[in-house]
Amino acid sequence: MFGKWTAIAKESIDRAAIVARFLCLLHVTNTYIFSPTLVYGPSMLPTLNLTGDVVLSEYISHRLGKVGPGDVVLIQSPENPRKMITKRVVAMEGEVVSFLVDPSRSDRSRTVVVPKGHVWIQGDNIYASNDSRNFGPIPYGLIQGKVWCRVWPIDGFGSL
Amino acid sequence: MSLFQLWAFIVKEALDKSFLVAKFFCAVHVTDTYLCSTALVHGPSMLPTFNLTNEIVLLERISTQNGKAGPGDVVVLRSPENPRKFVTKRIIGTEGDNITYIVDPKNSDRTETIIVPKGHVWVQGDNIYNSYDSRNFGPVPYGLLQGKVFWRIWPAGVFGSIGRRPETVDPALKVVEQSNPS
């Protein structure tokens, strides 16, 4: 009787070990290589939908310093460290940025030089985006990943 | 056994052993990234708490990930000016705090007051005469903090915890004082 229990226990431990190893691999891939991400909100219209898109984001480029102007990136928000936001990199350190301060109300524009180690990010929908025009250039170290392509909805499938 | 069988046996043994090593490195990496890590600190900006030459400290990553790192804590953060460089400083204030600081203590007594914006912290080195910190690069977003320094493990003479106040005396001298009762 006891022998049967030990056999069952051993099998369940073996199965659990396989599941644990799979979750391990999944976690490593999701954190360091690439993972699907749900992005939503109005600030990246028309590139990304209001109600949510699933995109594949990769986590290798920013470690190698390969993020540049035009890339859509995932960033840890400088105003709330628990929040991740999706914006486009407009300028890198040393570049000069001219931007419309509040396009829905006025035509006033400002020019800023991006300081060392920082990037300037803006949402594609400048009328409804809380980005570097509001909180200033962000340190490069806050970039978490680069958006690669969209996988859902299917009719929007493809690189951004 | 044929040559092929021998070779297959050796390969299987090698794979088993290397899986064991890989699992060990996995565990070390998870602990290092999410629990407790080590860091080498050097430089004059945290004198006298940390010496000029290399010291090894333990940092824990749980406080910074849960937003529990506050004023008085020594933290390791990614430099906002060079994302590949890590610096060790002390948190002076968190979001909403009023910070009054001496802009350039070597040359003048001028002070400035600033309110730390939302989601940011103000860090300064304990040695304000020779420290490149928030007085130079401004408040730092909380997301750049990597871990809180809580223990020093090398040199052995100053093994012990790191307090929430800057040391006023070189910690290595304290040991000598105690062993000389008058």
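The values are calculated or read from the model by the stated rules, or taken from the named source; none is laboratory data. Since we're looking at a predicted model, the values are computed, not measured. Don't worry about glycine lacking a Cβ; one is built from the backbone with ideal geometry, like all the others, and counts go over all protein chains shown. The area values use the complete protein model at the heavy-atom level, side chains included, leaving out ligands, DNA and RNA. Shrake-Rupley method; radii C 1.70, N 1.55, O 1.52, S 1.80 Å.
Before moving on, here are some points about what is shown:
- Loop sites in region A:76-112: trypsin sites (Lys or Arg not before Pro), DSSP, at most 15 other Cβ within 10 Å: A:Arg82, A:Lys83, A:Arg105, A:Arg108
- Residues with amide H under 5 Å from that of B:Val123, placed H, sequence gap 5 or more: B:Ile92, B:Ser134, B:Val140
- For the protein assembly as shown: rounded, prolate or oblate by the Cα gyration tensor [a/c cutoff 1.5]: oblate
- Residue among A:Glu93, A:Glu11, A:Glu79 with the largest mean-square fluctuation in a Gaussian network model of chain A, springs linking Cα atoms under 10 Å: A:Glu11
- For the protein assembly as shown, the share of accessible area belonging to carbon and sulfur comes to 61 percent (1.4 Å probe, ligands and nucleic acids excluded).
- Normalised contact order of chain A, rounded percent, pairs of Cα under 8 Å and 6 or more residues apart: 23 percent
- Shape call, region B:71-114: gyration tensor on alpha carbons, a/c limit 1.5: oblate
- Net charge over other residues, Cβ less than 13 angstrom from the Cβ of A:Lys66 (K, R count +1; D, E count -1): 0
- Distance (nanometres) between label positions extended 7 Å along Cα→Cβ at B:Thr113 and A:Ala16: 5.9 nm
- Local electrostatic count at A:Pro137 - Lys and Arg +1, Asp and Glu -1, tallied over other residues with Cβ under 11 Å: -1
- Once both labels are positioned 7 Å from their Cα atoms along Cα-to-Cβ, the gap between A:Val112 and A:Lys83 label points is 1.7 nm.
- Amide H contacts under 5 Å for B:Trp151, placed H, 5+ residues apart: B:Leu58, B:Ile162
- The heavy atoms of A:Thr37 offer some 30 square angstrom of accessible surface to a 1.4 angstrom probe.
- For region B:1-126, the gyration tensor built on C-alpha atoms gives a prolate shape. Its axis ratio a/c (a ≥ b ≥ c) is at least 1.5, and a/b is the larger of a/b and b/c.
- Rg and Dmax of chain A, based on Cα coordinates, read 21.3, 83 Å.
- Most to least accessible of A:Ile13, A:Ile138, B:Ile92 (protein chains only, probe 1.4 Å): A:Ile13, B:Ile92, A:Ile138
- With a threshold of 31 Å on the Cα-Cα distance, the over-threshold entries among A:Lys146/B:Lys12; A:Lys146/B:Lys68; A:Lys146/B:Lys23; B:Lys89/B:Lys118 are A:Lys146/B:Lys12.
- On a per residue basis, region A:1-78 carries 63 Å² of accessible surface, using protein heavy atoms and a 1.4 Å probe.
- Annotation for B:His42 and A:Val28: the two label points, set 7 Å from Cα along the Cα-Cβ direction, are 3.2 nm apart.
- FRET efficiency for the pair B:Leu20 and B:Glu95, taken as 1/(1 + (r/R0)^6) with r the Cβ-Cβ distance and R0 = 41 Å, rounds to 0.35.
- Counting, for every residue in B:68-79, the Cβ atoms of other protein chains within 10 Å of its Cβ and taking the mean gives 1.
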